[in-house]
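Below is one structure, written out as structure tokens, with a few remarks after it.
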Amino acid sequence: MAMDRDQVLRDAAALLSRKSTATMDEVARAAGIGRATLHRHFAGRDALVRALEELGIRQFEAAFDNARLDEGTAVEALRRLVAEAERDAQLLAFLVTENQLFEGDQVNEGWSRLDARVSALFRRGQEEGDIRIDLSPAWLTEALYGLIGTCAWAVMDGRVAAKDFQYMIIELLLGGARRSVEK
């Protein structure tokens, strides 16, 4: 039976997002494979985390493409982006908290591409007059990632209903990010 590498990585992300100190043995059990099989594909935790990073970047680039960020208003595109990101929110939750991914010169170019796309979306929303201009696009990008990750954890823990994932993120982000009109 062939191992589905992406599924093993998703299973690893689900476990590691709940228990960041999980051992490779625990990851193998969570993925339903033997420890030796896991080690044949990922020489150690660092290799596993790098593979998770690559999967995450691929998945989120696909989510960004599927969300059609250039269509409609920035707010509409942001709603689509959150909907598309929901499937891999656990993976993002893990990756955003994995500090080794963001050290020194080893920052993956993929993260820079993703950050640039989201920041451009927020910048467009500011230009359209729908997003506050006193919050930088870089900060709004970080806030979006944080909300997606935090909501994924809350859903995993049963503190938030999965059906509320998109609503809660969008309402909190836009409720604080939309420009208020003085009356």
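Calculate the FRET efficiency for residue 66 and residue 41 from the Cβ-Cβ distance with a Förster distance of 45 Å, rounded to the nearest 0.05.
With R0 = 45 Å, the Cβ-Cβ based efficiency is 0.95.
Select from the chain the helices, each a whole stretch of DSSP H, whose alpha-carbon atoms run 15 Å or more along the helix axis and whose Kyte-Doolittle mean is at least -1.0; answer none if there are none.
5-18, 45-66, 74-85, 109-127, 137-156, 165-177
Mind listing P(r) for the stretch 16-94? All alpha-carbon pairs, 10 Å bins, whole percents.
Calculated over all Cα pairs of the stretch 16-94, the distribution is 18, 38, 25, 14, 5 percent.
Counting only heavy atoms of protein chains, what accessible area per residue, in Å², does the chain have with a probe of 1.4 Å?
54
Please compute the modelled spin-label separation between residue 25 and residue 3, points set 7 Å along Cα→Cβ, answer in nm with one decimal.
Inter-label distance under the simple model: 1.8 nm.
Volume per residue, Å³, of the convex hull around the alpha-carbon atoms of the chain?
Once divided by residue count, the hull of the chain is 130 Å³.
Of all accessible surface on the chain at a 1.4 Å probe, what whole percent is carbon and sulfur?
It is 50 percent, rounded to a whole number.
I want the local charge near residue 67. Using Cβ-Cβ distances under 14 Å, sum +1 for each Lys or Arg and -1 for each Asp or Glu among the other residues.
Here the charged neighbours net out to -2.
Amide H neighbours of residue 131 under 5 Å, at least 5 residues apart or on other chains, H built in the peptide plane: list them.
Correct list: 126, 179.
Could you check the simple spin-label distance between residue 87 and residue 171, using points 7 Å along Cα→Cβ, in nm with one decimal?
So the label points at residue 87 and residue 171 sit 2.6 nm apart.
Could you pull the Cα extents of the stretch 110-165 along its three principal axes, largest to smallest, in whole Å?
38, 27, 16
The values are calculated or read from the model by the stated rules, or taken from the named source; none is laboratory data. Nothing here was measured: the structure is a model prediction, and the numbers come from that model. Glycine also receives a Cβ, built like all others from the backbone with ideal geometry; neighbour counts cover every protein chain displayed. All accessible areas refer to the heavy atoms of the entire protein, side chains included, with ligands and DNA or RNA removed. Shrake-Rupley method; radii C 1.70, N 1.55, O 1.52, S 1.80 Å.
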